[in-house]
């Protein structure tokens, strides 16, 4: 390969993805027409939404800063730049990295090696609009959902729903629970629901020999009615709904709000834990779900699971819409600023995890524990998982690549000093074709 192209780095061709093209082609027009065309349905186009999209459009642009990586072999000295990522929820690449980081950390540092329930809490159309107007209400609701699941699990362990099982457990015996807020339906409609991973039983750190109490399954009608009451009571308490309005909904949904719960046997199976963690953290729209984007007609076709999707009747539906419509649907799922979309309760709470780590550290000082930041810093590991390639292995000589410097200021001057050409926005660049098709 010619010496003059050694400095190029094209990790995933961000600007060649369908989603990038959709936003790049239509973003300016979208801002112009949004007040007349979409504001009534989706609400005001707030500043944090605009900022998130603009960050996405600049993702992997080396002119915004980069890390400089060079081969450790003196006879090779191959080099490239690693542009900073946007970390936006709508960016397929950044979302995939966040999913992998979260799954790694959750599987290795948080989840117990016991059976877990995967519970999905949903709500009907009549109440979704309240949370669409004020997404911060979902944060309060997720806390209420976590406490509800703790109470139900303790009741099940003590035998409330099993006549043949009656026992008293310590006050600190609680399940480990993770609640993840999701807002996107299959067609990117606003469909707020909660993915909950919870231990099958309750664990008591104060009991002799650290007792783990298993319990029976809570009847669906109990969960459904309790969940309906949690949602409606929160809306009434925050003044978003009157008590008579809540009673009308209760009468309409006599069986309660829809809930789905399954027990997953994670014991000794970290792969199953890992896949479960990936599922609850997935992005609202992945690149693989975009079937087609016509840059002439500005029409987009996406695919999503049918409502009757199951192991026996696998299948997908498709929907074609304008690029502007897709953008309006997608940005409503951008996270509200400073709001936690994943919360931990019971034995998985931050406090309990810290106490267990401290005790384990005292009993075995040689044990090593990784915090969340350490998993986030595993850049090379994440790239390897996403793309199947080791970015710190030189493609020319096989030696180790090392990060030489991180550039955040005077970026353009540094690019010139390092004699690195950049390809951003240059889709017809010959070097891009070389890296895409091989030398």
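The values are calculated or read from the model by the stated rules, or taken from the named source; none is laboratory data. These numbers come from a predicted model, not from an experiment. Virtual Cβ from ideal backbone geometry, glycine too; neighbours counted across all protein chains shown.
Descriptive notes on the structure:
- Hey, residue 75 assigned by TED's automatic domain parsing to the domain that holds residue 56 and in contact (Cβ under 8 Å) with a residue 60 or more places away in the chain or not: yes
- Subset tally (residues that are part of a helix (DSSP H, G or I) and either surrounded by 15 or more Cβ atoms within 10 Å (Cβ to Cβ) or without any contact (Cβ under 8 Å) to a residue 24 or more places away in the chain (or both)) for the stretch 55-72: 5
- Residue within the stretch 284-294 that is under 27 Å from the mean Cα position of the chain (by Cα) and under 20 Å from residue 151 (Cα atoms) present: no
- Set 204, 143: member being over 17 Å from residue 117 (Cβ atoms) and free of Cβ contacts under 8 Å to residues at least 60 places away in the same chain: 204
- In the stretch 298-318, of all residues being in a loop (DSSP other than H, G, I, E, B) and touching a strand residue (DSSP E or B) at 6+ places or on another chain (Cβ under 9 Å), the one that is modelled with the highest pLDDT corresponds to 298.
- Residue check for residue 77: modelled with pLDDT of 85 or more and surrounded by fewer than 16 Cβ atoms within 10 Å (Cβ to Cβ): no
- Per-region count, the stretch 339-384, residues under 15 Å from the mean Cα position of the chain (by Cα), surrounded by fewer than 16 Cβ atoms within 10 Å (Cβ to Cβ) and modelled with pLDDT of 90 or more: 3
- Residues (within 15 Å of residue 196 (Cα to Cα) and either out of contact with any helix residue (DSSP H, G or I) (no Cβ under 6 Å at 6 or more places or on another chain) or without any contact (Cβ under 8 Å) to a residue 40 or more places away in the chain (or both)) located in the stretch 113-139: 115, 116, 117, 118, 119, 120, 122, 139
- Of note, residue 182 does not satisfy the criterion of being part of a strand (DSSP E or B) and more than 20 Å from residue 137 (Cα to Cα).
- Listed by first and then second residue, the pairs linking a residue in the stretch 407-432 that is more than 18 Å from residue 69 (Cα to Cα) and assigned by TED's automatic domain parsing to the domain that holds residue 64 to a residue that is assigned to a loop (DSSP other than H, G, I, E, B) and modelled with pLDDT under 55, with Cβ atoms under 9 Å apart and 6 or more places separating them unless they lie on different chains, are 429/423; 431/8; 431/10; 431/423; 432/8; 432/10; 432/423; 432/426.
- Every test in (1) surrounded by fewer than 18 Cβ atoms within 10 Å (Cβ to Cβ); (2) out of contact with any helix residue (DSSP H, G or I) (no Cβ under 7 Å at 6 or more places or on another chain); (3) at pLDDT 90 or above; (4) within 21 Å of residue 100 (Cα to Cα) is passed by residue 275 save one, and that test is (3).
- Qualifying residue in the stretch 256-272 (condition: at pLDDT 90 or above, closer than 20 Å to residue 132 by Cβ and surrounded by 12 or more Cβ atoms within 10 Å (Cβ to Cβ)): yes
- Conditions (1) in contact with a strand residue (DSSP E or B) (Cβ under 7 Å, 6 or more places away or on another chain); (2) within 30 Å of residue 21 (Cβ to Cβ); (3) not in a helix (DSSP H, G or I): number failed by residue 117: (2)
- Within the span defined as the stretch 83-99, every residue fails to be within 23 Å of residue 225 (Cβ to Cβ), touching a residue at least 24 places away in the same chain (Cβ under 8 Å), part of a helix (DSSP H, G or I) and assigned by TED's automatic domain parsing to the domain that holds residue 238.
- Restricting 139, 206, 143, 187 to those that are surrounded by fewer than 18 Cβ atoms within 10 Å (Cβ to Cβ) and over 31 Å from the mean Cα position of the chain (by Cα) reduces the list to 206.
- Being surrounded by fewer than 16 Cβ atoms within 10 Å (Cβ to Cβ) and not in a helix (DSSP H, G or I) is a property that residue 240 lacks.
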